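Below: the structure, in structure tokens.
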Amino acid sequence: MNKEEITELLSTDAKNEELFLCADKTRHKYVGDGVHLRGLVEFSNICKRQCKYCGLRCNNKNIERYRILKEELLECVQNAVKLGYKTIVLQSGEDEFYTTEKLVDIIKEIKKFDVALTLSIGEREEDEYREFKKAGADRYLLRIETTDRELYKKMHPASSFENRVKCLEILKKTGYEVGTGSLIGLPEQKISSIADDILFFQELDADMVGIGPFIPHPDTPLKNAKTGDFILALKVMAITRILLKNINIPATTAMETINPNGRIIALQSGANVVMPNVTNTIYRKKYEIYPGKICLNDAPTKCRNCIESKIKSIGRYVACDQGFRKK
Ligand code: SAH
């Protein structure tokens, strides 16, 4: 599909059923029926950036900030391992407290549990990415958010599009499995630029692509903006599956936030990964990138059981390997 064809497909709802079915078949053919669970640890909500959509932006004074320090973080990981998670994802705001040295130490400790490790901690320097990889990190998630340069500038007053792309290229070159993705429904975002996003994932040869609807946060400049469209986000995900075939695609939490059955619908329209939260319940409310996040009061055990029964209810199963991209 070229840009025109993708744009056309995104602009009509006439072919949705066919599109979702085709994405589901492609998923089945290339990555099978196993669903990979990644245990997500949200270890710090402190952030130096000013992303206009995100509740963690440094300008937001209405949020109680926290950091989970090494010992507690490792307990959290150990619990997740006991629950059967084979991949741990460490996510945070861009928090400089976690120096290369501190992170390398944490990475090495986590790798002793014999799990795959994904980092999602934003933009860092090339030598830092190299150190994390050497310490054992396997994957890195860094969404491009939008490939529309003008929109990117408006949405990210304290960051540059060029550096974001550069980071993704360095991560690829350093040998990570690289995850990227975009937000769907940002104010002024054009359908044609979403088509560019999909072509960008293809060009980068992303190993994982996470697509989520934009959800306005009341303590950000975008508080009065419209919520992103669930079906449009689903279509972007489905087209990404059809074009990139064997990659990993998560059914994102943001999808479930705006549609009570969002993750299951996503799993039936191209997705093969779910990232349940394994952060201790006391911190979950505070990691409010957008409002209405699901499972805020649930303990990690509950989330694990809940998602497994949902997965089984649609005839799929929880995969028991580490879930690297099947090339
Ligand atoms: N600091 C890390 C992690 C960011 S949080 C980084 O820069 O990569 C993970 C993702 O949450 C972001 O990439 C963004 O796409 C998403 N997100 C942030 N605010 C959101 C909102 N208001 N609605 C939906 N998704 C949002």
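Computed from the coordinates by the stated procedures, all read-outs in this text should not be read as laboratory data. These numbers were taken from a predicted model, which means no experiment stands behind them. In this analysis, Cβ positions are derived from the backbone assuming ideal geometry, glycine residues included, and neighbour counts consider all displayed protein chains.
Annotations for the structure displayed:
- Cα gyration tensor, the range 3-318 - rounded (a/c under 1.5), prolate or oblate: rounded
- Within the range 3-318, percent of DSSP bridges classed antiparallel, to nearest 5: 5 percent
- Each label was represented as a point 7 Å from its Cα along the Cα-to-Cβ direction; for residue 12 and residue 72 these points are 5.4 nm apart.
- Proxy reagent accessibility, fewest Cβ within 10 Å first, across 142, 151: 151, 142
- Checked against a 23 Å cut-off, the cross-linked pairs 82/326; 82/302; 173/326; 82/310; 112/245 give Cα-Cα distances beyond that limit for 82/326; 112/245.
- Taking Cβ atoms as reference points and 11 Å as the exclusive limit, the residues near residue 83 contribute a net charge of +3, counting Lys and Arg as +1 and Asp and Glu as -1.
- The label point for residue 61 and the one for residue 305, both projected 7 Å from the Cα toward the Cβ, are 4.4 nm apart.
- Sorting the segments 246-254, 167-175 by their mean number of nearby beta carbons within 10 angstrom, highest to lowest, gives 246-254, 167-175.
- Mean Cβ neighbour count within 10 Å, used as a protection proxy, ranking 7-16, 114-123 highest first: 114-123, 7-16
- Listed peptides 49-62, 153-166 by packing density, highest first (mean Cβ within 10 Å): 49-62, 153-166
- Virtual spin-label span in nm between residue 261 and residue 227, 7 Å along Cα→Cβ: 1.7 nm
- A prolate overall shape is assigned to the range 83-155, the ratio a/c of its alpha-carbon gyration tensor axes (a ≥ b ≥ c) being 1.5 or greater and a/b exceeding b/c.
- Label zone at residue 158 (point 7 Å along Cα-to-Cβ), backbone N below 20 Å, the range 281-298: 286-291
- Size of electric dipole in the chain: Cβ of Lys, Arg +1 and of Asp, Glu -1, about Cα centre, debye, nearest 20: 560 debye
- Among 133, 82, sorting on how many other beta-carbon atoms sit within 10 Å of each Cβ, with the fewest leading, yields 82, 133.
- For the range 132-231: Kirkwood Rh in Å [reciprocal of mean 1/r, alpha carbons]: 14.4 Å
- Full-extension gain in nm, residue 113 to residue 169, via 0.36 nm per residue minus C-alpha separation: 17.3 nm
- Candidate aspartates and glutamates for bridging to residue 52, where Cα separation is under 16 Å - those fewer than 8 sequence places away on the same chain excluded: 94, 145, 148, 150, 188, 219, 288
- Selected from 28, 264, 307, residue furthest toward positive end of dipole (the chain; charges at beta carbon): 307
- Charge dipole of the range 187-327 about the Cα centre (unit charges at C-beta), most positive-ward option of 252, 215, 228: 252
- Potential lengthening of the chain between residue 150 and residue 281 amounts to 43.4 nm, from the contour at 0.36 nm per residue minus the alpha-carbon distance.
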